[in-house]
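The structure appears right after this line, and notes come after that.
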């Protein structure tokens, strides 16, 4: 039975620069995917391109390719990456020139055409409001301020790129993180674009490896179980023609692949698990099953899918004023109390209206707010932040923070020069009918550029607006913070019963809570409600909390809306991506029955002694 091996060597722009070499040289692979783009990354690359038109892509990608270019040709490995950003053709030309300098004829294919910034006004005039998926507002509100606008193409255009010239490298603009993994499966395994279950399996595989070593032990709740973080192993997917696949890594590398590392990553940045939307297929995560199948090897199967929506997701970024952060270090006895006093002094002195402000105490409760139980700290960094459309106000803000040093409690010092205002680029997600934008596929072979237009994705009829959600929601917190569980029992940190993983989706946070055993799942399914989660995160989450059940994976997925202060570069919060929310929920005490407590005692090997502490 035919099987292909796809590795990943980058989960974000700034990931391990040596990961690609280790993946290519560490064993047999057919393809390597590399993800460089986040929502606000596109606007950063746009600014870069405006200063130098030949730029606008992740230049690090070219540096990572250079040491392995000859090996790619020798071992017939194809690298697929969205490193092209705002200028995929420029990135491809840079890769081609790098190869020529080494005397290599590296065939490079390109997927582009996702940039539709110059069409936004016309599309709105034609009756496409491009409403914000989070707020429902029309893009007309921010039309003059838009800096970038890109659609998320799917796997179909990448397949055309793979067919174009048998490339060694495929470079894309804004293609879905999962699409660059699905494409080689369709290309090599001969899958139909209507074989929804197989396409869905490819999307789940892509979802698991798109964040690099997050599925091989990185950010893992039970981090003490990871044997080594040196020479970190990056993930590999082995996909067979039937749509069953294995997650693994190269032997003799660091990290860990287990059912739990895979389960955690399945929940990362998950929305509605019954309808995970992509341009090529709608995926149902509730049918997925995982099991150990050897050392550092996990089998994933049972994935189901259905037709996609008729829309592309759109990612736009727009100018939205400025923000500033200033910090002072407060130390010694009563450090927390003194830091609070400094904050009070500052805001009493400040008399100018600002659009938004924030006060955080790094080292005490910056990430978790009132969830913090320990009131003592010998050092606290007081972080004062503000956001406004006026640069003059924020420059005054910066000087006022510095003036605190000699006019407050003792034991204070400046950590670094006073901060300067930075431009805020906010994220605008929307949907656009697939008929309005078509991708282009080009390739460079023998220094000649060939260009052509292709169909972008299947235009299905699945309506994302009318999906019936199998979920429960809570709009407002309870009046009292109560520990879930029976009236009489014993306390455990929730981390003794569960793993967790959290991540951002715009201004929302998802928290995946995964039970360590069947008994623990029965407990959290009954006790950890949307209302309880809303209550404990009441000072961080301004919107509703929605809960989804995934019994097959023994997990609950919570979506906390309006929990990141706008998210991305807009937020004033220290944790801009919600990655610490999972640790906050695991530290919460819950009351369990004597039976479940004994279960924990009897099977302590299942519960790493450091989890939840």
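The values are calculated or read from the model by the stated rules, or taken from the named source; none is laboratory data. Since this is a predicted model, take the numbers as computed values, not measurements. Methodologically, a virtual Cβ is constructed for each residue, glycine included, from the backbone with ideal geometry; neighbour enumeration extends over all protein chains shown.
Can you report the number of residues in segment 252-277 which are at pLDDT 95 or above and under 14 Å from the mean Cα position of the chain (by Cα)?
Residues that pass the stated criteria total 5.
Out of 131, 107, which single residue is surrounded by fewer than 19 Cβ atoms within 10 Å (Cβ to Cβ), in contact with a strand residue (DSSP E or B) (Cβ under 8 Å, 6 or more places away or on another chain) and not assigned by TED's automatic domain parsing to the domain that holds residue 560?
Working: 107 fails: surrounded by fewer than 19 Cβ atoms within 10 Å (Cβ to Cβ).
Of 131, 107, the one residue that is surrounded by fewer than 19 Cβ atoms within 10 Å (Cβ to Cβ), in contact with a strand residue (DSSP E or B) (Cβ under 8 Å, 6 or more places away or on another chain) and not assigned by TED's automatic domain parsing to the domain that holds residue 560 is 131.
Kindly state which strands (runs of 3 or more DSSP E) lie completely within segment 265-375 and contain at least 2 residues that are on the phi < 0 side of the Ramachandran plot, crowded, with 21+ Cβ neighbours inside 10 Å and not assigned by TED's automatic domain parsing to the domain that holds residue 405. Even if it seems obvious, please write down each step before you answer.
Working: elements: 282-284, 289-292, 298-301, 304-306, 311-331, 356-362.
Per the criteria, 282-284, 298-301, 311-331.
Looking at residue 384, is it more than 28 Å from residue 144 (Cα to Cα) and either without any contact (Cβ under 8 Å) to a residue 24 or more places away in the chain or loosely packed, with under 13 Cβ neighbours inside 10 Å (or both)?
Values: more than 28 Å from residue 144 (Cα to Cα): yes; either without any contact (Cβ under 8 Å) to a residue 24 or more places away in the chain or loosely packed, with under 13 Cβ neighbours inside 10 Å (or both): no.
When the stated conditions are applied, residue 384 does not pass them.
Only one of (1) assigned to a helix (DSSP H, G or I); (2) touching a residue at least 40 places away in the same chain (Cβ under 8 Å); (3) crowded, with 24+ Cβ neighbours inside 10 Å fails for residue 188. Which number is that?
(3)
Checking residue 256 against (1) crowded, with 17+ Cβ neighbours inside 10 Å; (2) in contact (Cβ under 8 Å) with a residue 60 or more places away in the chain: exactly one of these is not met. Which one?
(2)
For residues that are without any contact (Cβ under 8 Å) to a residue 12 or more places away in the chain and touching a helix residue (DSSP H, G or I) at 6+ places or on another chain (Cβ under 9 Å), tally how many sit in segment 124-134. First the steps, then the outcome.
Of the residues in segment 124-134, the ones without any contact (Cβ under 8 Å) to a residue 12 or more places away in the chain are 125-127, 129.
Those still in the list that are touching a helix residue (DSSP H, G or I) at 6+ places or on another chain (Cβ under 9 Å) too: 126, 129.
Of the residues in that region, 2 qualify.
Can you find, within segment 139-162, the residue that is surrounded by the fewest Cβ atoms within 10 Å (Cβ to Cβ) among those that are out of contact with any helix residue (DSSP H, G or I) (no Cβ under 7 Å at 6 or more places or on another chain) and in a helix (DSSP H, G or I)?
Only one residue fits best here, namely 144.
Which residue, of 119, 46, 51, 76, is outside the structural domain of residue 175 (by TED's automatic domain parsing) and either under 26 Å from the mean Cα position of the chain (by Cα) or surrounded by fewer than 18 Cβ atoms within 10 Å (Cβ to Cβ) (or both)? Give the steps one after another, and end with the answer.
Working: 46 fails: outside the structural domain of residue 175 (by TED's automatic domain parsing); 51 fails: outside the structural domain of residue 175 (by TED's automatic domain parsing); 76 fails: outside the structural domain of residue 175 (by TED's automatic domain parsing).
The conditions single out 119.
For residue 328, work out the one condition from (1) within 30 Å of residue 549 (Cβ to Cβ); (2) at pLDDT below 95 it doesn't fulfil.
Result: residue 328 passes all but (1).
All but one of (1) modelled with pLDDT under 90; (2) not in a strand (DSSP E or B) hold for residue 394, so report the exception by its number.
Of (1) modelled with pLDDT under 90; (2) not in a strand (DSSP E or B), only one is false for residue 394: (1).
Quickly run through segment 541-564 and pick out the residues that are more than 19 Å from the chain's Cα centre (by Cα) and either surrounded by fewer than 21 Cβ atoms within 10 Å (Cβ to Cβ) or assigned to a loop (DSSP other than H, G, I, E, B) (or both).
Listed by number, the residues that qualify are 542, 543, 544, 549, 551, 552, 554.
Tell me the residue from 136, 173, 127, 190 that is at positive phi and within 27 Å of the chain's Cα centre (by Cα), please.
Working: 173 fails: at positive phi; 127 fails: within 27 Å of the chain's Cα centre (by Cα); 190 fails: within 27 Å of the chain's Cα centre (by Cα).
From the options 136, 173, 127, 190, the qualifying one is 136.
Which ones in segment 14-28 are surrounded by fewer than 24 Cβ atoms within 10 Å (Cβ to Cβ) and touching a residue at least 60 places away in the same chain (Cβ under 8 Å)?
Within segment 14-28, 15, 16, 19, 22, 26, 27 qualify.
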